[in-house]
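Since the structure comes first, as C-alpha coordinates, the remarks are kept for the end.
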Amino acid sequence: MARGRKPKEQAVVPVVVDHAKLLKEFEQEQRVQLETLYKDLAKVKYNIDESLRQIGFMDEAESLSQAAFKAGRAFGPLDQANDKLEKILDDMYNFNYDDLDHWDDIIDN
(Lines give C-alpha, C1' and ligand atoms only; values in the text may rest on other atoms or scores of the structure.)
Protein backbone atom coordinates (compact mmCIF):
# COMPACT_ATOMS: atom_id res chain seq x y z
CA MET A 1 0.00 0.00 0.00
CA ALA A 2 1.30 3.45 -0.92
CA ARG A 3 1.96 5.90 1.81
CA GLY A 4 0.93 9.52 1.85
CA ARG A 5 -1.85 11.36 0.21
CA LYS A 6 -3.76 10.07 -2.67
CA PRO A 7 -2.82 11.94 -5.89
CA LYS A 8 -5.40 14.47 -6.95
CA GLU A 9 -7.40 13.49 -9.92
CA GLN A 10 -6.81 15.89 -12.71
CA ALA A 11 -9.97 17.34 -14.08
CA VAL A 12 -10.59 16.69 -17.75
CA VAL A 13 -11.32 19.99 -19.40
CA PRO A 14 -13.56 19.59 -22.42
CA VAL A 15 -12.27 21.25 -25.56
CA VAL A 16 -14.83 23.54 -27.07
CA VAL A 17 -14.66 23.49 -30.87
CA ASP A 18 -16.43 26.20 -32.75
CA HIS A 19 -17.40 24.29 -35.88
CA ALA A 20 -19.11 27.30 -37.41
CA LYS A 21 -15.89 29.31 -37.11
CA LEU A 22 -13.82 26.48 -38.59
CA LEU A 23 -16.26 26.12 -41.47
CA LYS A 24 -16.18 29.86 -42.12
CA GLU A 25 -12.35 29.83 -42.15
CA PHE A 26 -12.36 26.86 -44.53
CA GLU A 27 -14.84 28.57 -46.86
CA GLN A 28 -12.75 31.75 -46.82
CA GLU A 29 -9.59 29.78 -47.66
CA GLN A 30 -11.40 28.01 -50.51
CA ARG A 31 -12.67 31.33 -51.84
CA VAL A 32 -9.16 32.82 -51.86
CA GLN A 33 -7.84 29.75 -53.69
CA LEU A 34 -10.65 29.95 -56.24
CA GLU A 35 -10.07 33.67 -56.83
CA THR A 36 -6.34 33.04 -57.30
CA LEU A 37 -7.04 30.24 -59.77
CA TYR A 38 -9.55 32.44 -61.64
CA LYS A 39 -7.02 35.29 -61.96
CA ASP A 40 -4.28 32.90 -63.10
CA LEU A 41 -6.56 31.37 -65.74
CA ALA A 42 -7.58 34.86 -66.89
CA LYS A 43 -3.88 35.64 -67.47
CA VAL A 44 -3.49 32.44 -69.47
CA LYS A 45 -6.55 33.38 -71.56
CA TYR A 46 -5.15 36.87 -72.17
CA ASN A 47 -1.80 35.47 -73.34
CA ILE A 48 -3.48 32.99 -75.67
CA ASP A 49 -5.69 35.76 -77.10
CA GLU A 50 -2.62 37.90 -77.67
CA SER A 51 -0.90 35.05 -79.51
CA LEU A 52 -3.95 34.42 -81.67
CA ARG A 53 -4.14 38.12 -82.49
CA GLN A 54 -0.51 38.09 -83.62
CA ILE A 55 -1.09 34.95 -85.69
CA GLY A 56 -4.14 36.60 -87.26
CA PHE A 57 -1.91 39.38 -88.60
CA MET A 58 0.27 36.86 -90.46
CA ASP A 59 -2.05 36.86 -93.47
CA GLU A 60 -1.35 40.59 -93.90
CA ALA A 61 2.38 39.92 -94.29
CA GLU A 62 3.79 40.75 -97.70
CA SER A 63 6.83 38.54 -97.38
CA LEU A 64 7.90 35.35 -95.71
CA SER A 65 10.19 37.27 -93.37
CA GLN A 66 7.29 39.47 -92.20
CA ALA A 67 5.18 36.38 -91.58
CA ALA A 68 8.02 34.79 -89.62
CA PHE A 69 8.39 37.98 -87.57
CA LYS A 70 4.69 37.98 -86.71
CA ALA A 71 4.86 34.28 -85.79
CA GLY A 72 7.80 35.08 -83.53
CA ARG A 73 5.77 37.80 -81.80
CA ALA A 74 3.02 35.25 -81.15
CA PHE A 75 5.49 32.85 -79.54
CA GLY A 76 6.20 35.04 -76.48
CA PRO A 77 2.66 35.28 -75.08
CA LEU A 78 1.98 31.67 -76.00
CA ASP A 79 5.09 30.55 -74.11
CA GLN A 80 4.02 32.65 -71.10
CA ALA A 81 0.55 31.07 -71.21
CA ASN A 82 2.07 27.60 -71.33
CA ASP A 83 4.37 28.33 -68.37
CA LYS A 84 1.51 29.78 -66.31
CA LEU A 85 -0.79 26.87 -67.11
CA GLU A 86 1.95 24.40 -66.18
CA LYS A 87 2.42 26.17 -62.82
CA ILE A 88 -1.34 26.07 -62.15
CA LEU A 89 -1.48 22.34 -62.91
CA ASP A 90 1.61 21.61 -60.80
CA ASP A 91 0.15 23.54 -57.86
CA MET A 92 -3.14 21.66 -58.14
CA TYR A 93 -1.32 18.34 -58.35
CA ASN A 94 0.93 19.13 -55.37
CA PHE A 95 -2.09 20.11 -53.28
CA ASN A 96 -4.13 17.01 -54.23
CA TYR A 97 -1.45 14.50 -55.22
CA ASP A 98 -3.33 11.57 -53.66
CA ASP A 99 -6.45 12.19 -55.73
CA LEU A 100 -5.08 13.19 -59.13
CA ASP A 101 -2.90 11.66 -61.79
CA HIS A 102 -0.06 13.98 -62.75
CA TRP A 103 -1.20 16.24 -65.54
CA ASP A 104 1.69 15.14 -67.74
CA ASP A 105 0.53 11.50 -67.48
CA ILE A 106 -3.01 12.16 -68.70
CA ILE A 107 -3.57 11.40 -72.36
CA ASP A 108 -6.65 12.57 -74.27
CA ASN A 109 -8.18 9.77 -76.27
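The values are calculated or read from the model by the stated rules, or taken from the named source; none is laboratory data. Everything numeric in this text was worked out from a predicted model, so none of it was measured. Cβ: placed from backbone, ideal geometry, glycine included. Neighbour counts: every protein chain shown.
Brief remarks on what is shown
- Matching entry among ASP79, ASP49, ASP90 (being of a type in the set (Asp, Glu), within 29 Å of ILE106 (Cβ to Cβ) and at pLDDT below 90): ASP90
- Among the residues of region 71-98, those identified as of a type in the set (D, E, K, R), under 12 Å from VAL44 (Cα atoms) and under 15 Å from the mean Cα position of the chain (by Cα) are ASP83, LYS84, GLU86, LYS87.
- Enumeration of residues in region 47-68 that are exposed (fewer than 14 other Cβ atoms within 10 Å of the Cβ) and in a helix (DSSP H, G or I): ASP49, LEU52, ARG53, GLY56, ASP59, GLU60, LEU64, SER65, GLN66, ALA68
- Residue check for ASP101: in a helix (DSSP H, G or I), among the acidic types (Asp, Glu) and more than 13 Å from the chain's Cα centre (by Cα): no
- Residue within region 25-37 that is surrounded by 10 or more Cβ atoms within 10 Å (Cβ to Cβ), in a helix (DSSP H, G or I) and either at positive phi or modelled with pLDDT under 85 (or both) present: no
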